[in-house]
Every structure is written in structure tokens, then in C-alpha cells.
1. Count, please, the residues in the range 348-384 that happen to be more than 15 Å from the chain's Cα centre (by Cα), of a type outside the set (D, E, K, R) and under 19 Å from residue 481 (Cα atoms).
2. Confirm whether residue 166 is within 22 Å of residue 276 (Cβ to Cβ), of a type in the set (A, V, I, L, M) and surrounded by fewer than 21 Cβ atoms within 10 Å (Cβ to Cβ).
3. Which residues, counting only those in the range 203-217, are part of a loop (DSSP other than H, G, I, E, B) and either hydroxyl-bearing (Ser, Thr, Tyr) or buried (at least 24 other Cβ atoms within 10 Å of the Cβ) (or both)?
4. Which ranges mark the strands (runs of 3 or more DSSP E) fully within the range 269-381 that have 1 or more residues being in contact with a strand residue (DSSP E or B) (Cβ under 9 Å, 6 or more places away or on another chain) and under 26 Å from residue 410 (Cβ atoms)?
5. Would you check which residues across the range 432-468 are β-branched (Val, Ile, Thr) and either part of a loop (DSSP other than H, G, I, E, B) or buried (at least 17 other Cβ atoms within 10 Å of the Cβ) (or both) and list them?
6. For the range 191-202, name all the residues that are of a type in the set (A, V, I, L, M, F, W, C) and surrounded by 21 or more Cβ atoms within 10 Å (Cβ to Cβ).
7. Return the residue satisfying two criteria in turn: it lies in the range 218-230 and is of a type outside the set (Asp, Glu) and farther than 23 Å from residue 163 by Cβ, and of such residues it is surrounded by the fewest Cβ atoms within 10 Å (Cβ to Cβ).
8. Which of the strands (runs of 3 or more DSSP E) found entirely inside the range 60-106 contain at least 2 residues meeting this: surrounded by fewer than 22 Cβ atoms within 10 Å (Cβ to Cβ) and among the charged types (D, E, K, R)?
Amino acid sequence: MNTAKNLYLITALTTVLFSCSKKETPAPTKTDTTTTPPVTTAFDINSISDTYADIAAFTYYPKWTVYNVHDPSIKKFGDYYYCYSTDVAFGTDVRPGLQIRRSKDLVQWEYVGWVFSSLPAQGSAYITGKGGTPYNALWAPYVMKVGSEYRLYYSLSSPVARLSVIGMATASSPDGPWTEKGLVVTSANDASIQTNAIDPTVITTTTGEQYMYYGSAWDGIYILKLDSSTGLAASSGDKGKRIANRGFTGGKYNGNIEGAEVIYNSDLKKYFLFISYDWLQTKYNVRVGRGDSPTGPFYDYNGHDINTDEDHGPMILAPYQFSNQSGWQGTGHCAVFDNGSGQYYMAHQGRPGINSYFMDLHVRKISWTTDGWPIVSPERYANVAQTTIAATDVAGTYEKITLNYHVVPGYGTEQTNPDFQVSTTFKLDAAGTIDGNAADKWTFTAPWLELKYSNGDTYKLKVERERDWENKIPSTLIFTGLDNHGTAIWGKRKQ
């Protein structure tokens with residue numbers, strides 16, 4: 001089995017275009033733009049489009065604000081949210097080094113430059129020393145601040161199965177310059193049982209210990225203890241142990257498992273481990289487990305250890321389609337971060353259904369159910385004012401999406417269909433009934449909307465205001481939550 005992440009070489013019409021889904025290695029661009037200053041232009045939120053072929057050429061890279069984003073890692077440093085992401089490009093050569101963006105409001109982003117001017121020497125040396133040739137692209141970074149030091153973890157892989165490395169660099173500023181400090185964990189094409197050494201994320205526990213979670217395919221998600229003073233492995237050569245896995249059908253994985261992200265919610269006193277399932281271009285989706293300890297076990301919605309050989313929920317983000325838009329697929333490999341005041345957000349890539357080789361940055365607000373599960377907004381964050389919502393405001397017609405899931409065992413070859421979860425229309429009658437059915441009822445006690453159906457299904461949904469991106473409406477009512485089976489339910493007022 002080849003590594004689950006590949007750079008695809010694709011052809012659009014008569015032009016050869018490069019996009020990151022991670023396989024073929026395009027020629028590098030020679031210009032060193034590592035520290036290019038951001039370009040300031042007038043901002044119009046309506047100018048953010050699903051596709052961006054008109055600015056795909058490398059000369060337009062300062063305009064790649066929310067475009068060409070894959071596997072983001074976002075943290076707030078000072079007044080800015082900084083986003084570091086995989087080396088990807090649509091319509092031009094991939095320039096290695098890890099892309100950097102920043103924003104003050106999570107809506108208007110500016111392109112800063114790259115972390116490195118070329119592939120890191122230490123990571124490259126490991127791969128060449130094992131007889132491989134590294135891809136000309138870095139993947140899936142993770143960034144954090146420890147004291148006054150900024151730490152950046154990167155993933156470097158190769159066409160050789162499981163020949164990969166996670167390395168670390170440090171800086172005194174989130175803009176860099178960055179200096180390599182060593183290799184954290186490696187994997188190789190050998191007979192060992194180990195996951196692929198890519199996709200790192202790190203947690204600092206309430207007692208100051210640090211753990212890295214990493215992995216893709218092969219043997220699930222691993223946890224590795226770090227030396228918090230150096231950011232490297234506490235024990236040199238340690239690979240860690242598995243902490244999360246997924247199900248099999250006929251001896252074959254139900255799909256990929258990768259892209260871990262971990263947080264500690266101090267209000268709930270729980271650790272949350274977010275994981276992406278399936279193929280990154282199509283069915284990519286996000287699951288979550290929670291636990292009392294950073295070393296696990298983490299449990300799913302049904303109370304099962306997520307390290308068991310089954311698929312786990314809740315699935316809180318998946319390919320979807322509202323009306324008047326082609327849908328969003330490849331919605332995975334999330335970053336989860338807060339604003340310093342307890343409000344969490346989820347960022348991830350989104351690929352438009354009209355052409356899944358475009359890769360856009362999506363940021364969504366996270367809320368928490370009354371029993372302590374994270375739920376994400378059905379619409380991207382647009383910093384919409386949250387004014388009072390009354391029950392009379394809630395009555396009306398909505399588009400609703402139920403995030404169902406269908407198992408398709410395998411990887412890119414098998415999972416060609418994104419399995420969009422498509423919206424349907426329903427009405428919350430002013431009289432408190434649903435779709436005119438007297439047996440189905442709804443009630444609203446701000447901010448929670450409760451739907452009770454005669455068949456026993458119940459939904460508890462948080463109602464807020466957010467931008468309707470599909471129709472370019474600045475503010476509308478949206479809802480998100482889980483039903484009594486742990487299935488995510490999304491919706492927005494129908495325009």
C-alpha cells in the first residue's frame with residue numbers, strides 16, 4: 001500500500017495543472033519568497049469565490065489568501081491568527097516550504113510567505129539515507145508556542161511506502177526565520193508495525209507534559225511522549241503507541257485514518273481527539289473522541305474506545321451540499337484552536353464539487369452540546385453579529401442536512417464519490433408543529449431548538465446567526481447539533 005497522501009498530476013482541458021492531493025513531484029520554483037511582505041488590498045467578502053483559476057499562476061501568490069490551503073494549523077499569536085499549511089498549488093508548480101497566512105478576524109486573510117526556502121535538510125537526509133527521494137513538498141504542519149519559542153513541526157514523505165519523517169524547527173517570531181532542531185519521529189518501508197510518520201499535532205497537558213499524536217493509514221493514530229524542554233521525543237527512537245483506529249470490511253480498512261488534532265477543554269475538563277477519515281479529495285470527514293487523560297482511552301459517542309477496530313462517531317463534518325452551490329467535498333484534516341477567550345474554531349480544506357482540485361480554507365465556529373460534544377457550524381465563519389433570537393424569529397422554512405455516512409472500503413481508487421449529504425427542505429410552523437404534522441413538535445429556548453418527532457427521533461440544535469455563503473446573504477439563522485443517535489444535523493433558513 002502506498003502512502004495514503006499523494007500529489008496528483010492532473011490535466012484540465014489542454015493545460016497541465018498541479019494540485020496537492022500529494023503524489024507526483026513537480027519542479028520547484030526558484031524564486032525565494034520566504035519572507036515576502038503581505039499585500040494590502042481593499043477587502044470585499046463577496047469576492048471570495050469557490051474557484052480561483054484566474055489567480056492560479058505563481059505570480060499571483062500574494063492573492064492566495066484563502067486559496068491553495070490544505071491541512072492547516074492555526075494558532076493565535078498576539079493580534080493575529082497564523083495559518084501554516086501544506087505545500088499545494090492549483091495550476092502552477094508546487095513551491096516547497098510550508099505556506100504562511102495570517103488574519104486578525106479569521107475572515108480576511110493575507111499571504112505572508114513560506115516557512116522554509118527549500119526542503120529541510122535534516123528531514124531530506126533521513127529519506128535519502130534510506131534510499132528514497134523526498135517529495136518536493138512539505139505536508140501537514142503543526143505550530144505552537146512554548147514560552148517565548150515558536151515550534152513548527154513538519155511532515156516530509158516520499159514515493160517509498162511509509163518512508164516519512166516528522167521534524168521540528170523553531171523561531172523567535174511566527175514569521176520566522178525558522179531553524180531546524182531535529183527529527184521527532186520517523187517511519188520506514190520495513191516489517192515493523194507502525195503508522196506513517198506524518199500529520200503531527202501536540203498537546204500540553206494540565207501538568208505541563210507534552211504528547212504528539214500522529215499517523216496516517218497503516219496502523220492508525222499514535223501517541224508519542226515529548227520532552228517539553230526540547231520539543232523532540234522524550235526517548236530517542238521511540239515511535240509511541242497506537243491510540244486510535246477504525247473499522248475493516250473484508251480485511252480491508254474502511255478508508256484512511258489520519259490528520260489528528262487534539263485540544264483540552266478546560267471548561268469541560270476533557271481532552272478531545274479529532275481525526276479525519278477517508279480519501280482527502282472526496283469523502284474526507286472529521287470524527288471526534290473524548291477522554292479524561294491525554295494518553296487515553298478516548299471514547300466515541302457510544303462509549304466505545306476509539307482504539308478498537310470499528311468506525312467511530314460522532315462525525316461532525318463531512319461533504320455537504322446546500323442549494324445554489326456545487327457542494328463541498330474533501331472536508332477534513334482540521335485545525336482546532338481558540339481565540340484566547342474560550343471560543344473554539346475549526347479550520348479545514350474544502351474542495352468545491354464543481355472542480356475538486358481547487359482547495360479553499362474554511363473556518364467554522366465550534367459550539368458544544370449540553371452533554372459536552374463539539375458541533376460545528378454549517379456555514380463558514382464571517383464574524384456576524386449575534387443579536388437576540390426569539391421563538392417567533394425561528395419559525396420558518398429551512399434547508400436541513402443530516403450528516404449520514406456510507407462505508408466504502410479503500411482509498412482514492414475506491415472512494416471516487418464524495419457522497420455529498422444534500423439539503424432537504426422542512427418547515428417550523430408558527431404553531432409549534434413541523435411540516436404541518438401535529439404529532440411532530442418544536443420548541444425554542446435560546447439558543448437551543450428542540451425537535452421531537454413521533455417516531456422517537458429528537459434533535460437538539462444550537463441556533464445562531466451566520467453568513468449564507470451560497471446566496472451571499474450577510475446574516476441568516478443557522479443551526480447545528482446532534483440527534484439522539486449522535487448524528488450531526490445542520491440547517492439554515494431558506495431564502
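1. Adding up the residues that qualify gives 6.
2. It is false that residue 166 is within 22 Å of residue 276 (Cβ to Cβ), of a type in the set (A, V, I, L, M) and surrounded by fewer than 21 Cβ atoms within 10 Å (Cβ to Cβ).
3. 205, 206, 207, 215
4. Strands (runs of 3 or more DSSP E) meeting the threshold: 270-277, 285-291, 315-317, 344-352, 360-368.
5. Listed by number, the residues that qualify are 434, 463.
6. Of everything in the range 191-202, those that are of a type in the set (A, V, I, L, M, F, W, C) and surrounded by 21 or more Cβ atoms within 10 Å (Cβ to Cβ) turn out to be 197, 198, 202.
7. Filtering the range 218-230 for residues that are of a type outside the set (Asp, Glu) and farther than 23 Å from residue 163 by Cβ, the one surrounded by the fewest Cβ atoms within 10 Å (Cβ to Cβ) comes out as 229.
8. Here the list reads 73-77.
The values are calculated or read from the model by the stated rules, or taken from the named source; none is laboratory data. Worth saying up front: this structure is predicted, and the values here are computed from it rather than measured. Methodologically, a virtual Cβ is constructed for each residue, glycine included, from the backbone with ideal geometry; neighbour enumeration extends over all protein chains shown.
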